[in-house]
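Before any comments, here is the structure.
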Amino acid sequence: VDTEHGHGSGTCVSPTGLVVTNYHVLEHEGKLQQAGVLIGFPDAWDEPPVQAFTAKVVAHDQELDLVLLQLDEDTLGRPLPAGLTLPFRPVGDPAALRLGDPLWVGGYPAVGGFESRASISLTQGILSGFTTDGRG
């Protein structure tokens, strides 16, 4: 995810191009970049992402530090091809999570769209607790 003022990781959560990222990735001086966000996908697991699409914000929650983006065109301004299928990881069922469940987080920290040769990072952890703030 590459914006006018920074970059970060995101996760594609649908084959049609819904991407989840952090609010702080798109925020600059109190304003959220709403459109023209560049999205890249890797051609191989050990290669950095290649910018291929632009996206716009479809939902956000600053308090939870989350943004949902929708791919809307390629970087040349053309509509997404019919039948485009993207690599994605569907959102799971949070009610199915249990303490002690293994967790994995993958991403391309500090890569953004700058064509560096840094590879993917993978972090493993264990679910150690829940927040019960009434928001679900």
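The values are calculated or read from the model by the stated rules, or taken from the named source; none is laboratory data. Source: prediction; values computed, not measured. As a convention, Cβ positions derive from the backbone with ideal geometry for all residues, glycine included, and neighbour counts pool all protein chains shown. Surface accessibility is based on the protein's heavy atoms, side chains included, excluding ligands, DNA and RNA. Shrake-Rupley method; radii C 1.70, N 1.55, O 1.52, S 1.80 Å.
For Rg and Dmax of the Cα atoms in Å, the value calculated from this model appears in (1) 15.6, 46; (2) 13.3, 38; (3) 20.4, 72 under label (1).
Given a Förster distance of 35 Å, report the FRET efficiency between GLU29 and LEU80 from their Cβ-Cβ distance, rounded to the nearest 0.05. Display every interim value, and only then the final one.
Numbers: r = 31 Å, r/R0 = 0.88.
Efficiency, from the Cβ-Cβ distance: 0.70.
In terms of the mean number of neighbouring beta-carbon atoms within 10 Å, the peptides 18-31, 68-81, 90-103 order highest first as 18-31, 68-81, 90-103. Normalised by the number of residues in segment 26-81, the average gap of Cα pairs under 8 Å and 6 or more apart makes the relative contact order 25 percent.
How high is the relative contact order of the chain, given as a whole-number percent (alpha carbon pairs under 8 Å, six or more residues apart)? Show your work: numbers first, answer last.
On the way: 267 pairs, mean separation 36.2, N = 136.
Relative CO of the chain lands at 27 percent.
Dipole check for the chain: with +1 at the C-beta of Lys and Arg, -1 at the C-beta of Asp and Glu, and the Cα centre as origin, the magnitude is about 240 Debye. Rounded to the nearest 10 square angstrom, SER121 shows an accessible area of 40 square angstrom against a 1.4 Å probe. Each label point was placed 7 Å from the Cα along the Cα-to-Cβ direction; for LEU99 and ASN22 their separation is 2.7 nm.
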